[in-house]
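Single-structure report; data block below.
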């Protein structure tokens, strides 16, 4: 992205529009979210420029602000949406990689790098568990290996999902994991709830470090 003073207002409008579309529940977004879609640090000069331009765009009727729970929120007005639509018709508008696409890409990359190690460590822990069972170990030793097994199985399952099952998000809509496939939506609520509980946190790569041997 170019220097802050060179950012066209239409790019700020496009970032705001994408931030709103990618918000889980839709609706207006914070200045921080707009800056994330522009790949700007919240305390940078560029971020301060965006705040100044949003104020100007509000005076021009292109955006509107609101407040909720102490936060200032922004969204396009119909005039702003029309201006952005016309700009897209004239040509493409270049935005940095969307935050949701970056999260997908980084999770997939890490899974690709580490899944073999995750599998090998789980196999070693399974062998250790079998050895403890055969030796009739004390309960504390069995509880310890059970906790390690659970963490490593969940880690491998999460990496498998991130590498093979998490579809690449596009810019059109929010990439929300509701933890159900299309074919599962006819199931009873209790069955759906059970599936969602089983799949909770499957995109959370931060948890992977807890499964280390």
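Quick notes
- Residue within segment 176-198 that is out of contact with any helix residue (DSSP H, G or I) (no Cβ under 6 Å at 6 or more places or on another chain), over 30 Å from residue 14 (Cα atoms) and in contact (Cβ under 8 Å) with a residue 24 or more places away in the chain present: no
- Single residue of segment 1-20 satisfying the filter (assigned to a helix (DSSP H, G or I) and free of Cβ contacts under 8 Å to residues at least 40 places away in the same chain) that is nearest to residue 91 (Cα to Cα): 6
- Enumeration of residues in segment 199-211 that are surrounded by 10 or more Cβ atoms within 10 Å (Cβ to Cβ) and free of Cβ contacts under 8 Å to residues at least 40 places away in the same chain: 199, 200
- Among the residues of segment 21-66, those identified as assigned to a loop (DSSP other than H, G, I, E, B), modelled with pLDDT of 95 or more and under 24 Å from residue 170 (Cα atoms) are 28, 38, 39, 40.
- Taken together, the criteria place residue 80 among residues that are assigned to a helix (DSSP H, G or I) and touching a helix residue (DSSP H, G or I) at 6+ places or on another chain (Cβ under 9 Å).
- Number of the exception - residue 71 against (1) crowded, with 16+ Cβ neighbours inside 10 Å; (2) touching a residue at least 24 places away in the same chain (Cβ under 8 Å); (3) touching a strand residue (DSSP E or B) at 6+ places or on another chain (Cβ under 8 Å): (1)
- Residue 172 satisfies every condition listed in (1) more than 28 Å from residue 129 (Cα to Cα); (2) without any contact (Cβ under 8 Å) to a residue 12 or more places away in the chain; (3) more than 14 Å from the chain's Cα centre (by Cα) except (2).
- Condition check for residue 146: within 16 Å of residue 209 (Cβ to Cβ) and in contact with a helix residue (DSSP H, G or I) (Cβ under 8 Å, 6 or more places away or on another chain): no
- The listed residue being assigned by TED's automatic domain parsing to the domain that holds residue 203, under 28 Å from residue 167 (Cα atoms), surrounded by fewer than 16 Cβ atoms within 10 Å (Cβ to Cβ) and over 27 Å from the mean Cα position of the chain (by Cα), out of 120, 146, 127: 120
- Within segment 34-46, if we keep just the residues that are in contact with a helix residue (DSSP H, G or I) (Cβ under 7 Å, 6 or more places away or on another chain) and either surrounded by 22 or more Cβ atoms within 10 Å (Cβ to Cβ) or touching a residue at least 24 places away in the same chain (Cβ under 8 Å) (or both), the residue that is farthest from residue 94 (Cα to Cα) turns out to be 45.
- Filter pass, residue 66 being free of Cβ contacts under 8 Å to residues at least 40 places away in the same chain, under 22 Å from residue 101 (Cα atoms) and either surrounded by fewer than 16 Cβ atoms within 10 Å (Cβ to Cβ) or outside the structural domain of residue 103 (by TED's automatic domain parsing) (or both): no
- Condition check for residue 147: within 30 Å of residue 169 (Cβ to Cβ) and part of a helix (DSSP H, G or I): no
The values are calculated or read from the model by the stated rules, or taken from the named source; none is laboratory data. These numbers come from a predicted model, not from an experiment. FYI the Cβ positions are ideal-geometry reconstructions off the backbone, even for glycines, and counts take in every protein chain you see.
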